[in-house]
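Inspection log for the structure reproduced underneath, given as structure tokens.
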Amino acid sequence: MNANTPINNVREVRFDEFSSSGSLSKASEQAHKRNYKDFLIVDVDSHHYESESYGEIFKYIENPVIRRQALESASRGGRSSMLGGSVGYQDIGGRITRHWLRKHEKTEGPEHRDVTTTLRWMDAMGVDYACLFPTPMLFLGTHPQVEIEVAMARAYNRWLCDTILEHEPRIISMLYLPFNDPDATYQMVKDFGHRKGVKGFMVTAPRYKPVHDNAYMKTYRLLEEMGLPISFHAAYNWNDQSLQLTNRFIGVHALGFMWFNMVHMTNWVVNGLPERFPKLKVMWIESGLTWAYSLMQRLDHSYKMRTSDCPALKRKPSEYMREMYFSSQPMEMPDDPSILEATFKMINAETQLVWSSDYPHWDFDLPGVIYDLPFLNEQAKRNILGGNAAKLFNLDPKPVKTIPPVGAFK
Amino acid sequence: MDIFVAKKSEFKNGDRRIVQSARGEIGVFHHEGAFFAYANTCLHSGGPACEGLLMPKVVDIIAEDRTYQGQEFDETETHFVCPWHGWEYDIKTGQSIGDRRQFLRKYEVVERGDDVFVIA
């Protein structure tokens, strides 16, 4: 603790003010105790609320007709918008207070508000680089109008590059791919793959075009040639016919965030895409870890009897999966740590697992979920918290964060 | 060690204070005329457990024929909710609602005249 840091001995709890740094002051304490300043921490999955910047983003929509629709829809709050929304009470009925307290956070200076607030939580947790993703757009893959997905994806990506990535080197991204339009998907990689801070491309998982469709092969080939990873970011779709059977958010979340990635992973492997694109790096985001452990065993078991279903494979499905990357959050924490240890072994965690926070969403993880594990040595912890991602994203391994002193924000 | 929390006359029912102690922060609640104090460190990931909302327990209404009839609040049991992830604790015992084997560290609160102290 900094001896010069004043500490209020007694304080009240306020619900009319908020700061990212203050709300995470206990995360900063953890960062100091664990000496995060000594090594690189990369968050491969974090978020901002791009909907708060729709007024800016919509101006980037290239088609004038869609641009006008978007700007008009944003000008009348509370009425039906062009983008719609997703059903789901993620903030547990207001219990996750930062979701509604964020509006009180004060920022100043020329930087975009999202840059300021993102750097605040990054420093508070001890994060050096954060891969930033949108929030409502995670559901855009189910929009009934394909041209809206394309228009929004291009507008958001251009706005993100111009407004955020160009100005702040600690914030990086894997850009949204409008996957319902394979040609637009290919063009997105061509147009934005070389922009500053773009470290790959991301497909939102809730959608209904299979990843093995021939129309996508040119994009996979281009990404492989450019050395950029493709990632699949999980989310749910409560309008999906199967997931409509669940009646509580805990149900649709627990299943939905695994379901679409399980389908995409299965198709990816049994159609032999790892053989067709052996150098393409593939990452699976926000499905936790247990699904991979389960799916490896399921596919291997069936593969030995049904090799004729997937003749492109030269090895067992799990062997391909073990060469992919998995983001850690929301990392399941079984009471018996040996179960988690087995999961880590199954996915080759020391080289393939990449830590993620998902901050500021309701089930975010701190670096401690990795750092405090009893079965990892120091090097394995550092690989998972930053080293693996630094190699994947070609980042300088030197730490650049400034963790606030303990007690600086209360 | 006795740590001064507040004058009782200034510490209204329903309010709370966060007190710094040598053992870390302590959350002190004034609830239904009594005082309760717990470590302000969530058992889940170390969040400020005592700084979230106070919420009544939620219950499913199950009729005699075992059919589900909706949900309601049980106002006889109050929880405080860690604002980081939503872990809930019984305000009278510090028991974790999601894992009832676990309890937050509890501290004794004493009143001396109009002064309220927590013993830490």
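Every read-out reported here was derived from the displayed coordinates using simple, explicitly stated rules and does not represent laboratory data. Please read all numbers here as calculations on a predicted model, not as lab measurements. Here Cβ is always computed from backbone atoms with ideal geometry, including for glycine, and neighbour counts include all displayed protein chains.
Does the range B:2-119 come out rounded, prolate or oblate, given a ≥ b ≥ c as the square roots of the eigenvalues of its C-alpha gyration tensor, rounded meaning a/c under 1.5 and, failing that, prolate meaning a/b above b/c? Prolate.
As a rough footprinting exposure proxy, the listed residues A:160, A:223, B:53 were ranked by other beta carbons within 10 Å of their own, and the order from fewest upward is B:53, A:223, A:160. The relative contact order of chain B, computed from alpha carbon pairs under 8 Å that lie at least 6 residues apart in sequence, is 27 percent. Within the listed set A:118, A:107, A:343, the Gaussian network model of chain A (springs between alpha-carbon atoms below 10 Å) gives the highest mean-square fluctuation for A:107. The spacing between the range B:71-120 and the range A:259-301, judged by their C-alpha centroids, is 43 Å. Qualifying GluC sites (Glu not before Pro) in the range B:26-120, where qualification requires a DSSP coil assignment and no more than 10 other C-beta atoms within 10 Å, comprise B:64. Each Lys or Arg adds one and each Asp or Glu takes one away; over the other residues whose Cβ falls under 15 Å from the Cβ of residue A:194, this sums to +1. Here's how it looks for residue B:31: its modeled amide H is under 5 Å from those of B:14, B:36, which are all 5 or more places away or on a different chain. Where the centre of each part is set by its Cα atoms, how far does the range B:1-17 sit from the range A:9-67, in angstrom? With the range B:1-17 and the range A:9-67 each reduced to a Cα centre, they are spaced 33 Å.
The residue list B:119, B:62, B:42 was ranked by how far each Cα lies along the charge dipole of the range B:2-119 toward its positive end, using unit charges on Cβ atoms, and B:119 comes out on top. Between A:329, A:187, A:244, where does the largest GNM mean-square fluctuation fall for chain A, given springs only between Cα atoms within less than 10 Å? Checking each option, the largest mean-square fluctuation is seen for A:244. No disulfide-compatible partner, judged by a Cβ distance under 4.7 Å, exists for the following cysteines of chain B: B:50. In this structure, the pairs whose alpha-carbon distance is over 27 Å, taken from A:26/A:345; A:279/A:345; A:26/A:381; A:26/B:92; A:218/A:304; A:381/B:57, are A:26/A:345; A:218/A:304; A:381/B:57.
Cross-link partners of residue A:33 among aspartates and glutamates, defined as those whose alpha carbon lies under 20 angstrom from its own and excluding same-chain residues fewer than eight positions apart: A:43, A:123, A:128, A:365, A:372, A:378, B:25. Loop-located trypsin sites (Lys or Arg not before Pro) across the range A:311-355 with a Cβ neighbour count of 10 or fewer within 10 Å are A:314, with loop assigned by DSSP.
Using Cα pairs closer than 8 Å and at least 6 residues apart in sequence, work out the relative contact order for chain A, in percent. All intermediate terms of the calculation are to be shown ahead of the outcome.
Numbers: 672 pairs, mean separation 93.9, N = 410.
Reported as a whole number, the value is 23 percent.
Secondary-structure-derived ellipticity at 222 nm for the protein assembly as shown, considering helices only, amounts to -8000 deg cm²/dmol, per-run term -39500 (n - 2.57) for DSSP H runs with n ≥ 4.
Only beta bridges with both residues in the protein assembly as shown are counted; by DSSP, about 65 percent of them are antiparallel. Shape of chain A from its Cα gyration tensor (a ≥ b ≥ c, root eigenvalues): rounded if a/c is under 1.5, otherwise prolate when a/b > b/c, or oblate? Oblate, since a/c reaches 1.5 and b/c is not below a/b. Compute the distance from the alpha-carbon center of the range A:343-369 to that of the range A:380-410, in whole Å. Cα centroid to Cα centroid, the span is 14 Å.
I need the GluC sites (Glu not before Pro) found in the range A:49-131, filtered to DSSP loop residues with at most 13 other beta carbons within 10 Å of theirs.
In loop regions of the range A:49-131 (DSSP not H, G, I, E or B), the sparsely surrounded GluC sites (Glu not before Pro) are A:62, A:108.
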